[in-house]
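Only one structure is covered here, and it is reproduced in the block below.
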Amino acid sequence: MICLGVLLAETECELHSGGLRVWIEGYTRGTYSDAMVVKGELEFNGDRTDEVVNPYLIVDVLSLSTKDCDRGSKFQCYRACPVFVSIY
């Protein structure tokens, strides 16, 4: 993740990992990713300060214990984000 942060250093994008959830309005669900990149200002879900509605890039690292969820329902939710490009 450090490399990604370095690549974003002189851009309007910022790397976030931990503590923030991605809010997916279409599924009324918030979920944690391993990291996310937000372009510009963070936009939050209503009054919440821990749920971001404008991720630009979502990073989830698959593990044996989480891969089914990450590739299944969680990935389906991510695809409902307004700005989403899959590099699955």
Per-q log10 I(q)/I(0), the chain, q = 0.14 Å⁻¹ (Debye; single scatterer per alpha-carbon; no solvent): -0.47
Considering only the other residues whose Cβ falls under 11 Å of the Cβ of ASP70, what net charge follows from Lys and Arg at +1 and Asp and Glu at -1? 0
Cα-based Rg (one decimal) and Dmax (whole number) for the stretch 1-50, in Å? 11.9, 34
Along the charge dipole of the chain, which of GLY26, GLN76, ASN54 sits closest to the positive end, that is, farthest toward it, with unit charges on the beta carbon of Lys, Arg, Asp and Glu (+1, +1, -1, -1)? GLN76
I'd like the distance separating the alpha-carbon centroids of the stretch 1-41 and the stretch 51-82, in whole Å. 12 Å
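None of the figures in this text is laboratory data; all of them are computed from the coordinates on show. Predicted, not measured: the structure shown is a model, and the values here were computed from it. For neighbour counting, all protein chains shown are included, and Cβ atoms are generated from backbone atoms with ideal geometry for every residue, glycine included.
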